[in-house]
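To start, the structure under review is shown below, and the notes come after it.
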Amino acid sequence: MESASKDTRGSFAAKKTPATPKGLLGIAVRAARAAGEIINRNFEDRDHITVQEKAKDDLVSNVDQECEIAIRKVIARYYPEHGVLAEESGYSQAGQDSDYLWVIDPIDGTANFLKGIPHVAVSIGIKIKGITSVGVVYDPIRNEMFTAAKGEGAILNNKKIRVSDLKTLDTGIFATAFPFRQRQHMEHYRKILTRVMDRCSDIRRAGAASLDLAYVAAGRMDGYFELCLKPWDFCAGELLVREAGGIITDFEGKPEYAKNGNIVAANPYIIQNLLREIKAA
Ligand code: IPD
Ligand code: CA
Ligand code: CA
C-alpha cells in the first residue's frame with residue numbers, strides 16, 4: 001500500500017494512486033491516522049494547548065490546526081490538484097473548481113478534546129462531482145476506523161457494519177445534540193426532544209456529530225437528529241449511514257439536509273416514526 005518511491009532527483013515523491021473511491025479511501029485513511037496521532041499525543045498532555053474563540057461557544061486549538069495541516073499535507077502529496085474544504089482554513093484555491101472535494105473536520109468534538117473527554121474524531125469525506133463517494137470517521141482514542149466507499153458498504157476496522165434493525169421507537173436509543181451555537185432554535189428543539197424522549201427508551205448527547213452518525217451506521221444508536229450542522233460535521237458520516245443501509249433526511253423528511261444542515265438519520269423501519277415526532281413538534 002506504501003506508494004512513495006524515489007524520483008529521478010533521488011527524493012521521495014508520492015506515486016499516483018488512482019482517484020477511484022477505493023484508491024481515495026486508502027489515502028483518506030492515511031490522512032485520518034496522521035491527524036489521529038497528533039490528537040492522541042496531545043490528549044494525554046493538554047497543558048500546552050492554546051485555544052482561541054472563533055465565535056461564542058466555538059473554540060479552536062492549535063491541535064485542531066495542526067491536525068488540519070497534517071491532513072492537507074497528505075492530500076497535497078497524493079492529489080495536489082484536488083479541492084479542499086476544511087473547517088479551520090476554508091476552501092483551498094482549487095476547492096470550488098475541482099471535480100474532487102475533500103471535506104475535512106480535523107477534530108470533531110473539540111470541546112470534548114479540550115475537557116479531556118475521550119470522544120472525538122477526525123472526519124474526512126470526499127465528493128466526486130458533487131457526490132459524496134468516500135467517508136472516513138476515525139476515533140483515535142479507541143482506534144476505531146469507520147470507512148465507506150460509495151456502493152461498497154460501510155466498515156468498522158475491517159468488519160462490515162449495518163444500521164440497527166429496530167422496528168419501533170419505544171426501545172430505541174437516539175443520539176442528538178442541542179443547538180448550543182444557534183440558541184434561537186432552542187425552543188423548537190426542546191419540543192422535539194420532549195416528543196422523541198416520550199416515545200423512545202433513552203437519548204444520548206455525546207459531543208461529536210461524525211461519531212453520532214458513525215454509531216448509527218454501526219447500529220450502536222438507532223437514530224440521530226441535530227439542527228444546523230456544517231458540511232464537515234456530516235459529509236463522511238452521511239455516507240457511512242447510507243452505505244450501512246440507513247436513511248438520512250432533513251427535519252422535514254426531505255433530502256435538503258446538505259443545504260440546511262438539519263439532519264435526521266435512522267434505519268428504514270423507524271425513520272418515518274422518528275420524523276413524525278419531529279414534524280409534530
Ligand atoms: C461539533 C460537534 C458537536 C455538534 C456540533 C458540531 P466541533 O463539532 O460535532 O457534537 O453538536 O454541531 O459543530 O465544533 O467540535 O468540530
Ligand atoms: Ca464538527
Ligand atoms: Ca472541528
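The values are calculated or read from the model by the stated rules, or taken from the named source; none is laboratory data. All figures in this text were calculated on a predicted structure; none of them were measured in a lab. In this analysis, Cβ positions are derived from the backbone assuming ideal geometry, glycine residues included, and neighbour counts consider all displayed protein chains. Protein only, heavy atoms only, side chains kept; ligands, DNA and RNA dropped before computing areas. Shrake-Rupley method; radii C 1.70, N 1.55, O 1.52, S 1.80 Å.
Annotations
- Considering the conditions (1) open to solvent by 30 Å² or more (accessible area, probe 1.4 Å); (2) modelled with pLDDT of 95 or more, Lys6 is excluded by exactly one of them, (2).
- Only one of Glu277, Glu238, Glu252, Glu226 that is of a type in the set (Asp, Glu), away from ligand 2 (no atom under 14 Å from the Cβ) and touching a residue at least 40 places away in the same chain (Cβ under 8 Å): Glu277
- Test: residue in segment 227-243 that is away from ligand 3 (no atom under 16 Å from the Cβ), in contact with a strand residue (DSSP E or B) (Cβ under 7 Å, 6 or more places away or on another chain) and not in a helix (DSSP H, G or I): no
- Within segment 23-118, strands (runs of 3 or more DSSP E) holding 1 or more residues that are within 16 Å of ligand 2 (Cβ to nearest atom), open to solvent by less than 10 Å² (accessible area, probe 1.4 Å) and aromatic (Phe, Trp, Tyr): 100-108
- Some residue of segment 142-149 being within 16 Å of ligand 2 (Cβ to nearest atom), aromatic (Phe, Trp, Tyr) and within 15 Å of Val216 (Cβ to Cβ): yes
- Residue in segment 45-88 that is modelled with the lowest pLDDT, counting only those that are out of contact with any helix residue (DSSP H, G or I) (no Cβ under 7 Å at 6 or more places or on another chain) and of a type in the set (S, T, N, Q): Gln52
- Checking each residue of segment 174-182 against the condition of being assigned to a helix (DSSP H, G or I) and either under 19 Å from Gly135 (Cα atoms) or more than 13 Å from ligand 1 (Cβ to nearest atom) (or both) gives no match.
- Some residue of segment 185-205 being among the polar types (S, T, N, Q) and in contact with a strand residue (DSSP E or B) (Cβ under 9 Å, 6 or more places away or on another chain): yes
- Leading residue by the ranking (most open to solvent (accessible area, probe 1.4 Å)) among those in segment 245-281 that are touching an Asp or Glu at 6+ places or on another chain (Cβ under 6 Å) and in a helix (DSSP H, G or I): Asn260
- Candidates Thr147, Thr168, filtered to the one that is over 30 Å from Asp198 (Cα atoms), open to solvent by 10 Å² or more (accessible area, probe 1.4 Å) and not assigned by TED's automatic domain parsing to the domain that holds Ile271: Thr147
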